[in-house]
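Where a number appears in this text, it was derived from the coordinates with a stated rule and is not lab data. Computed from a predicted structure; not experimentally measured. Cβ coordinates were reconstructed from backbone atoms using ideal geometry, including for glycine residues, and neighbour counts include every protein chain displayed.
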Amino acid sequence: MPKWQWILKTFGSKLWLRATFFCLLGIFTALFAFLVKDFIPNDIAGKVGVDAVDSILHIIASSMLAVTTFSLSTMVAAHAAASSSATPRAVTLLLEDRTAQNALSIFIGSFLYSLVGIIALQIGIYGESGRLILFVVTLGVVFVITASLLTWIDHLSHLGRVGETIDVVERTTAQALQQRLDEPYLGGTRLEQYVPAISHHAITHSQIGYIQNIDMQRLSDLAEDHEMEIFIRALPGAFSDSSKPVAYISTPPDEKLLCLIRDAIVVNGNRSFEQDPRYGLIVLNEIGARALSPAVNDYGTAIDVIGTAVRLLIPWASQDPAGISEVHFPRVHVPALFASDLYDDIFGSLARDGAGMLEVTLRLQKAYASLAAIGNEECIEQSRRYSALTLKYAQHALILDEEKEALEALVASPGSGVLS
C-alpha cells in the first residue's frame, strides 16, 4: 500500500472525521431549502400544511442529543469491557467499527440539522416554499434516523462481548493474511538468506517504534532512479530502535536519499493490523491467554480462539511455499514470512497456559493435526514441533495419569495425531 493511501485509510477510520462530515452534511441540508425555495411555486406550498416542521425539528434536536450522549457512554463502557475481558489491543479495531461510527455521525449530524433548521425558521428566511422543502427533507431525515436506530440497537446487543471482539480481530487478520498470500514479498522479490555484502550500506530509521507501513512503490522508484538494489530487513511489525538496520542498499547514500528511504517506511509507537498479519494472531493469542488465567478460567474462549486460529492458518498452510508470485518491484528484495513465526504468535501462550486443562490440550492437538493434514511441509513441521511441545507442557501440568494417557493416545493415534 502506498504511503499516501495508507495515510488516507488511517485518517478515514477516525470517528471524528466521519462525524464532522455528517455534521457538515446536516448543516448544508438545513440550508438547502433556503437555496432552492425560489423554484417552488407559492400556490403549491400553500396547499400543503407544513406548520408541523417546527415541532418535528424540536423533537429531533432534543432526542438526538440524548441518544448521542447515551450511545457514547455505551460505547465507552463496551470498549472498557472488551479491554478487560479480551485485550486492550483489540479496542483499536472496535473504535474503527463502521456501524458505530455511522450511527453516532448520523445522530450528531441530525442534531445539527435540526438546530440550524430551528434557527433559520426563527429568523424567517425560508418563506412558504422554503418551509415546504424543509418539511420534505425533514421527513427523509426522520427515515434515516429510524433506520440508524434499528441498526444501532441490534449492534449494541453484542458490542464489547468477547465473541464479537474475536470475530472483529479474525476478520481483520484474515484480510492481512490474504494480502500477504497474494503478495508474499509485498510485490518485491524474495530475499533469501541475506548476508550483507561489503558494498552494501545499512539504513537505520531515526524514529523508535514499530514499522507500520512500507511504501514499496516509492522504494522501487528510488531504486530505479539511483540504479541500486534495496534489501528490506524489517517487515511491518518489527521494532526499530534506530540502531538496528531496517534496510540495506547497494550504493552509497547521500543525506537526501537517506531521508527519502526513511520517509517511505512509516514507524509509529504502536503496531497496526493492515500490513502486519502477525499482530492479529498475537492479539488473538492474548485473548486466549487471558481466558486461561486463574482469574477468568474460561477455557471455552480459549477453544474458540484455537478454532479461529485454524481457520486463519488453513489458507496459509495450503499454499505452496515455493510458489511464484508476481513481481512488481524487482529492485526491492523482501524477506518471507515463515510459518514458524505464525505458530509462535498464535499457539505459544495457549500451549503453555492451557497445559493443565485437558480440554484445551486436546483441542490444540486436533488443531495441529488439521493444519498438518493440509499438506504444506513447512506447516507439517511446525505442527509436529508444537504437538511435541504441547505434550511436554501437559505431561508436567496434568495431575491424573488417566488424562495424560488420553492425551498421549490422541497424539499417537493414526490419522488423528501429528506425531503418529
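So the values come out like this:
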{"quantity": "Using alpha-carbon coordinates, inclination of helix 162-182 to the longest axis of the chain, degrees", "calculated": "70"}
{"quantity": "For the chain, size of Cβ-based charge dipole, Lys and Arg +1, Asp and Glu -1, in debye", "calculated": "700"}
{"quantity": "Mean Cβ neighbour count within 10 Å, used as a protection proxy, ranking 189-196, 276-283 highest first", "calculated": "276-283, 189-196"}
{"quantity": "In range of the label at L400: residues from the range 344-360 whose backbone nitrogen is under 17 Å from the point 7 Å along Cα→Cβ", "calculated": "355-360"}
{"quantity": "Helix-only [θ]222 nm of the chain, DSSP H runs n ≥ 4, -39500 (n - 2.57) each, per residue, nearest 500", "calculated": "-21500 deg cm²/dmol"}
{"quantity": "Of all DSSP beta bridges in the chain, antiparallel share, percent nearest 5", "calculated": "65"}
{"quantity": "Residue with peak Gaussian network fluctuation, the chain [Cα springs, cutoff 10 Å], from E359, E286, E274", "calculated": "E359"}
{"quantity": "Tensor-based shape of the chain (alpha-carbon gyration tensor, a/c under 1.5 rounded, otherwise prolate or oblate)", "calculated": "oblate"}
{"quantity": "Cα-based helix-to-principal-axis angle, 339-353 vs the chain, degrees rounded to 10", "calculated": "90"}
{"quantity": "Between the range 227-301 and the range 346-402, the alpha-carbon center distance in angstrom", "calculated": "27"}
